[in-house]
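Asks: Next up is a structure, given as structure tokens.
The values are calculated or read from the model by the stated rules, or taken from the named source; none is laboratory data. Quick caveat: nothing in here was measured; it's all calculated off a predicted structure. All Cβ positions, glycine included, derive from the backbone under ideal geometry; neighbour counts span all protein chains shown.
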Amino acid sequence: MKKMPFVTLEQVREIAKTHPTPFYIYDERGIRENALRLHDAFSWNKGFKEYFAVKATPNPYILKLLKSCGCGCDCSSLTELMLADALSFGGNEIMFSSNVTPAEEYAYASRLGATINLDDITHIDFLEKTAGIPETISCRYNPGGHFQISNQIMDHPGDAKYGFTTEQLFDGFRILLQKGVKHFGIHAFLASNTVTNDYYPALARILFETAVRLKKETGAHIAFINLSGGIGIPYCPDQEPNDIYAISRGVKQVYDEILVPAGMDDVALYTELGRYMLGPYGHLVTQVIHQKHTYKEYAGCDACAVNLMRPAMYGAYHHITVLGKEDKPCDHKYDVTGSLCENNDKFAVDRMLPEVEIGDYLVIHDTGAHGFSMGYNYNGKLRSAELLLREDGEVQRIRRAETPKDYFATFDFDDILDGLSH
Ligand SMILES: *Cc1c(COP(=O)(O)O)cnc(C)c1O
């Protein structure tokens, strides 16, 4: 399927007059419609709740928008909890799915009344000492081995640092029951960016069967099952997108087959989607500022890997549109690069694009999740602004671009850099 940007060249030219490139822009309408679709698809489950994975797009305006669509938030660090706190998410709207958790973060999550999702059996004692054991708690399950759908190995949970083993999960539940826990949840995240409608149903089967056994063998009341994140998006134009209604039907089938006959037809389903909620609804917009013709053809941009790390880190594909040339043939081959002194600073390698000229604006697609948030400051490069394209067509700045002053802010404890003019 041809990927079309949600902004036109004319719009970007207008926006760039007040907000110089590079910038991230998010599509409010797309985000809202997608969130409502998710809730509609899972409306058969009474307690359904999506806890947006804050790390995907930790911007308060985005979190507020999602909150207005009925989403809670999934936090895993001090600052993510602070965001949730500042935006008045209620305790039952905050999931705290952390690992290697500092004591102060458990204490904070506990003060907020967040649902704590323990990553390890040793955290039971740790939590008891730092914040006390709440009435409702969740445990993260890691079934080990490899996770397979039909014949395809999706991932290797046995190599992942997260979660309780099966034995620890049962022991953990017994210990928590003794310590007064009344309501339990279980959580697992076994594969990420899955572009198949079968992932959630396969994961649900594992979690539902485990939940039935936990109830039978420990007597625990299972209040919710958290399918976590992992629903992916089609980064490549030739990938078939997930169908959230088909995914939901698949989960319901397993729910009716396993939980209902066990008398567990009141179990709420939770999700902690990040990529699926925001990925397609963000663009990184950058301008071509140099071209270079050596052993290869290079299009050099004003954005670089600090603005979007996924291609450099994972070799991830992100589709690129040359704005205004949407209908031109892709008959030129480029490496699309940033300015870091790092040869992996390439948004695309050997990418076929229409002929690119200096001054062209590029849209780097599907950067709404795990894009801006994975940014860094290598080479002293600065983070860009984030903008929100409102449903009425207005463009709202939802984060300003960093300035050198921000970069040097952590030297403010003495006067060594006082000579800097900003
Ligand atoms: C990262 C993360 C998510 C979100 O993952 P996506 O791939 O963006 O859906 C959800 N839950 C936890 C615990 C995570 O670490």
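Asks: Of all residues in segment 348-374, how many are assigned to a loop (DSSP other than H, G, I, E, B) and either more than 16 Å from the ligand (Cβ to nearest atom) or over 26 Å from the mean Cα position of the chain (by Cα) (or both)?
Replies: Let us first name the residues in segment 348-374 that are assigned to a loop (DSSP other than H, G, I, E, B), namely 354-360, 365-371.
Next, from what is left, pick out any that are either more than 16 Å from the ligand (Cβ to nearest atom) or over 26 Å from the mean Cα position of the chain (by Cα) (or both): 354-360, 365.
Count: 8.
Asks: Additional query: If you take the residues of segment 68-92 that are assigned to a helix (DSSP H, G or I) and touching a Cys at 6+ places or on another chain (Cβ under 8 Å), which of them is surrounded by the most Cβ atoms within 10 Å (Cβ to Cβ)? Even if it seems obvious, please write down each step before you answer.
Replies: The first filter runs over segment 68-92 and keeps only residues assigned to a helix (DSSP H, G or I), leaving 68, 78-86, 91-92.
Imposing the further condition that a residue be touching a Cys at 6+ places or on another chain (Cβ under 8 Å) reduces the set to 80-81, 83-84.
Values: Glu80: 21, Leu81: 23, Leu83: 17, Ala84: 29.
Going through the qualifying residues, I end up with Ala84.
Asks: Kindly provide the set of residues from segment 114-127 that are of a type outside the set (Val, Ile, Thr) and either within 16 Å of the ligand (Cβ to nearest atom) or under 23 Å from the mean Cα position of the chain (by Cα) (or both), ordered by number.
Replies: Residues of segment 114-127 of a type outside the set (Val, Ile, Thr): 114, 117-120, 123, 125-127.
Correct list: Ala114, Asn117, Leu118, Asp119, Asp120, His123.
Asks: Another one. When you scan segment 94-141, how many residues do you find that are among the small types (Gly, Ala, Ser), farther than 17 Å from Cys73 by Cα and in a helix (DSSP H, G or I)?
Replies: Applying the first criterion (among the small types (Gly, Ala, Ser)) to segment 94-141 yields 97-98, 103, 107, 109-110, 113-114, 131-132, 138.
In the following step, the residues that additionally are farther than 17 Å from Cys73 by Cα were identified as 103, 107, 131-132.
Remaining after also requiring in a helix (DSSP H, G or I): 103, 107.
Count: 2.
Asks: Just one of (1) in contact with an Asp or Glu (Cβ under 7 Å, 6 or more places away or on another chain); (2) crowded, with 21+ Cβ neighbours inside 10 Å trips up Tyr162, so point out which.
Replies: Failed condition: (2).
Asks: Mind checking which residues of segment 195-211 are surrounded by 18 or more Cβ atoms within 10 Å (Cβ to Cβ) and hydrophobic (A, V, I, L, M, F, W, C)?
Replies: Filtering segment 195-211 down to residues surrounded by 18 or more Cβ atoms within 10 Å (Cβ to Cβ) leaves 196-197, 199-204, 207-208, 210-211.
Residues satisfying the conditions are Ala202, Leu203, Ala204, Leu207, Phe208, Ala211.
Asks: Write out, first by first residue and then by second, each pair whose Cβ atoms fall under 8 Å of each other, whose residues are 6+ apart or on separate chains, and whose first residue, in segment 122-139, is farther than 11 Å from Val181 by Cβ and in contact (Cβ under 8 Å) with a residue 24 or more places away in the chain while the second is surrounded by 14 or more Cβ atoms within 10 Å (Cβ to Cβ) and among the aromatic types (Phe, Trp, Tyr).
Replies: Phe126/Tyr106; Thr130/Tyr106; Ala131/Tyr106
Asks: Checking the conditions here, which among Tyr108, Tyr51 is away from the ligand (no atom under 16 Å from the Cβ), at pLDDT 95 or above and either among the small types (Gly, Ala, Ser) or buried (at least 17 other Cβ atoms within 10 Å of the Cβ) (or both)?
Replies: Values: Tyr51 fails: away from the ligand (no atom under 16 Å from the Cβ).
Checking each option against the conditions leaves just Tyr108.
Asks: Right, here's the next one. Give me a count of the residues in segment 182-211 that are under 20 Å from Glu135 (Cα atoms), away from the ligand (no atom under 14 Å from the Cβ) and not in a loop (DSSP other than H, G, I, E, B). Give the steps one after another, and end with the answer.
Replies: Pass one, segment 182-211, residues under 20 Å from Glu135 (Cα atoms): 182-187, 211.
Next cut, away from the ligand (no atom under 14 Å from the Cβ) only: 182-184, 211.
The next check asks that each one be not in a loop (DSSP other than H, G, I, E, B); those that pass are 183-184, 211.
Counting residues in segment 182-211 that are under 20 Å from Glu135 (Cα atoms), away from the ligand (no atom under 14 Å from the Cβ) and not in a loop (DSSP other than H, G, I, E, B) gives 3.
Asks: Considering only segment 301-325, state which residues are over 26 Å from Gln239 (Cα atoms) and either surrounded by fewer than 21 Cβ atoms within 10 Å (Cβ to Cβ) or within 16 Å of the ligand (Cβ to nearest atom) (or both).
Replies: Residue satisfying the conditions is Asp302 alone.
Asks: What are the residues in segment 15-67 that are among the β-branched types (Val, Ile, Thr) and not in a helix (DSSP H, G or I), if any? Step through it out loud before you land on a result.
Replies: Residues of segment 15-67 that are among the β-branched types (Val, Ile, Thr), as a first pass: 15, 18, 21, 25, 31, 54, 57, 62.
The answer is Thr21, Ile25, Thr57.
Asks: Cβ contacts < 6 Å: first residue under 22 Å from Pro60 (Cβ atoms) and in contact (Cβ under 8 Å) with a residue 40 or more places away in the chain, restricted to segment 354-372; second residue of a type in the set (A, V, I, L, M, F, W, C) and within 16 Å of the ligand (Cβ to nearest atom), any location; separation 6+ or different chain. Result?
Replies: From segment 354-372, the pairs are Thr367/Leu308; Gly368/Leu278; Ala369/Ala56; Ala369/Leu278; His370/Ala56; Gly371/Leu308.
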